[in-house]
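Shown next, in structure tokens, is the structure this report addresses.
Bear in mind these aren't lab numbers, they're just calculated from the coordinates by the rules spelled out. This is a predicted model, so every value here is computed, not measured. Positions of Cβ are backbone-derived with ideal geometry, glycine not excepted, and every protein chain shown enters the neighbour counts.
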Amino acid sequence: MGSALLALAFLAGALWYWRHSSHQHEHAIATVRLLLYGKPIQLLDDTVALARTRLARDPQGRVVFVRTYVFEVSLDGYSRLRGSLTLTGDGAQIVDLPWLDWDPDQVH
């Protein structure tokens, strides 16, 4: 009986993690799309990819998942530039766009 409860608890935890990860992935895509909306920047492959998952403590001291997603964009239809988005358990976001001041006239 004890092993059945342990297996059920493990299954419930795995299901929760999968659903939470799926929700965070959808949130990351929506955030990147919103960030690029109205700009002449194309989100390549129309998606983001999970690059890293780790545990960290939030400002209240709770343990939360921190997920970093990477994505590629094109400013001119030819280049592929990389950006990243980090989501924490409480929804805080860190966006890294090192190419934001990129000038396509400087590329030969």
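Below, the figures for the structure above:
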item: Residue count, the range 56-94 (criterion: assigned to a strand (DSSP E or B), farther than 23 Å from His20 by Cα and among the aliphatic types (A, V, I, L, M)); result: 2
item: Any hit, the range 48-67, residues being basic (Lys, Arg) and under 16 Å from Pro98 (Cβ atoms); result: no
item: Answer residue from the range 21-43, given it is of a type in the set (A, V, I, L, M, F, W, C) and in a helix (DSSP H, G or I) and is surrounded by the most Cβ atoms within 10 Å (Cβ to Cβ) among those; result: Ala28
item: Residues that are out of contact with any helix residue (DSSP H, G or I) (no Cβ under 6 Å at 6 or more places or on another chain) and among the aromatic types (Phe, Trp, Tyr), drawn from the range 49-98; result: Phe65, Tyr78
item: Some residue of the range 44-63 being over 10 Å from the mean Cα position of the chain (by Cα) and buried (at least 16 other Cβ atoms within 10 Å of the Cβ); result: no
